[in-house]
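Below is one structure, written out as structure tokens; the observations come after it.
The values are calculated or read from the model by the stated rules, or taken from the named source; none is laboratory data. No experiment lies behind these values; they were computed from the predicted model shown. FYI the Cβ positions are ideal-geometry reconstructions off the backbone, even for glycines, and counts take in every protein chain you see. With ligands, DNA and RNA removed, areas are computed over all heavy atoms of the protein, side chains included. Shrake-Rupley method; radii C 1.70, N 1.55, O 1.52, S 1.80 Å.
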Amino acid sequence: QPVLLWGSLGCSWFLFREGVKPRSSYRTGEMLMSTRMKENPANFRPSEKTFVFNFKTGQQSCVLTASIQIPMQGSINDLHGRLMLLHNLPYFVENDLKSSLDQFVDGETKKNYDKEAEAALEKLKTNDLCAEQFVNTWAKAYQETTLEYARPEEPSWDEDFADVYHDLIHSPASEALLNLEHNYFVRVSELISERDMELKKLQERQSVEMDKVMQELGKTLTDEDVNLVAAQHFESQQVLENKWANELKQLMAIQKQEYQEWVIKLHQDMQNPNNSTVSEEIKVKQSQSTVANERVFEERPLLEESFTIHLGAQLKTMHNLRLMRADVLDFCKHKRNQRSGVKLQRLQTALSLYSTSLCGLVLLVDNRINSYSGIKRDFATVCQECTDFHFPRVEQQLEIVQQVVLYASAQRNKKSKERTEVPSGNGGNDDKSKVGERNPSNILPGEFYTTRHSNLSEVHVVFHLCVDDNVRSSNITARDPAIMGLRNILKVCCTHDITTITIPLLLVHDMSEEMTIPWCLKRAELVFKCIKGFMMEMASWDGGTSRTVQFLVPQSISEEMFYQLSNMLPQIFRVSSTLTLTSRR
């Protein structure tokens, strides 16, 4: 009678002839063994194949058989080791068994794949679908996944133009570039001045008309007549604004195209040393228009204190801190108080445009991604005063951000619904109601989006950080969304070569009545300590790169309050002490 022995290989079983012991079966007679491996391949239907291995021990012939599922997803080395250990196979057959097992699994796997492929081809022959469609699908798959068949990457116009501009701005042609940008800037300023003048005249004329209508209200005119006149005024103003907006947009598009073509041509001419027209092209006459002097921004007094600190436990990193009292948009506006002021101010910004020393600014905004009101509208107005020759207009960038936010909201809502399919108690219902109430086109406090600019005064990247009314309270903590948003912004600065960042110290751009001296001191202490901790984390993010952090306070803050904040900063950060050297005579 056969003897059935149960092994430790999951679903394995062993069958021996009667009277044969397991440990000496290969010496006294033929051993039959069947091993079943349970696998679940994803793409192919598994099939069982019988593996046969013959070996001799002296004069005795032994046969090992195993039933294996193909394709095999497990490890062949594990199967080989388990077979050798559990059945006490002799050591001298180990290499032969491993080689035979590898050849068997590889050969049967290829046969299985070939069988599946032949079945697919036969199905294709009998199918009514177009063979060309399948060929195009397979060709596209190979091009997208296999480097050998992928199409060569075509050079990007933006990358080529960036390289050309970087070469020219660091050459003697830099002054010509700045002169040309200034000429375009003056032309835009002229158009904006004409727009403002015409809008002002329209508003004055409408104001006179509305005063006459209000005088006749109740006599010959009714409330409906007043509403009709107001609607006509609004429509006329919208038509005029759209007209000037289209003209401004068209002018900037023409300027950008002309500028890029001229830069490319100048770079090509400079590559040819025998070209004598290069010096003539570089001499670009500066515009003598007086409009630039008419649209002069008010020069406000600037308070500033600078500090040098060292952060780190063992390997210390030096950073520069700056406390400044100014308007946040002063870092974006071009100060036109003299003829060459724009060129001198933009030189450093242009030199570092395509470098590893970018400048960033944190702008506090609401949860709507637009430029229709508040500081967002003021910022968009500043961006429109000069053509951006390198990046899309700010409106186009905001449209792209809006699309990304809608996609992210859709994915977030999808995952939230999956998690709340089986709500537990009232908590699940509350989370579900919060998800339903949220506007998918808005962002949450603490989240931010970025815009790129080459036409601003001292800034390359602007971080639009979303905050709510909670930042005006006096009880925010280090875990507040606005504070955590600053941490994430600093992390982005480390990963994208932004070495100078300007942060609103009080997390507000304007002062209000509830912001007393104790409120300002408490808020400044919180932000100082949090930024210090984040900067110490930066050493693990970027390896300890020296950076400049500018803390900005509103323009309306008093000098006394400013100097109190200035005295607080060295108490929180470790400021480098000065060393005075004297010589003995």
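Structure notes:
- Of the residues Trp541, Trp138, ranked by 1.4 Å probe accessible area with the largest first, the sequence reads Trp138, Trp541.
- Segment 90-144, Rg to Rh (Cα coordinates; Rh as Kirkwood inverse mean 1/r): 1.32
- The HN-Hα couplings worked out from phi for segment 317-322 by the Karplus form 6.51 cos²θ - 1.76 cosθ + 1.60 (θ = phi - 60°) are 10, 8, 10, 10, 10, 9 Hz, whole numbers, x standing for Gly and Pro.
- Gyration tensor verdict on segment 50-139 (Cα atoms; rounded if a/c is under 1.5, prolate if a/b is larger than b/c, oblate otherwise): prolate
- Ordered from largest to smallest accessible area (heavy atoms of protein chains, 1.4 Å probe), the residues His496, His267 come out as His496, His267.
- Cα convex hull, segment 137-259: 180 Å³ per residue, rounded to a whole number.
- Each principal axis of the Cα atoms in segment 440-585 has its own extent, and those three values, largest first, are 75, 38, 32 angstrom.
- For the pair Thr420 and Arg472, the difference between a 0.36 nm per residue extended length and the Cα-Cα distance amounts to 15.3 nm.
- Of the trypsin sites (Lys or Arg not before Pro) in segment 199-232, the ones in a loop by DSSP (not H, G, I, E or B) with at most 12 other beta carbons within 10 Å are Lys219.
- The 1.4 Å probe gives accessible areas that order His509, His464, largest first, as His509, His464.
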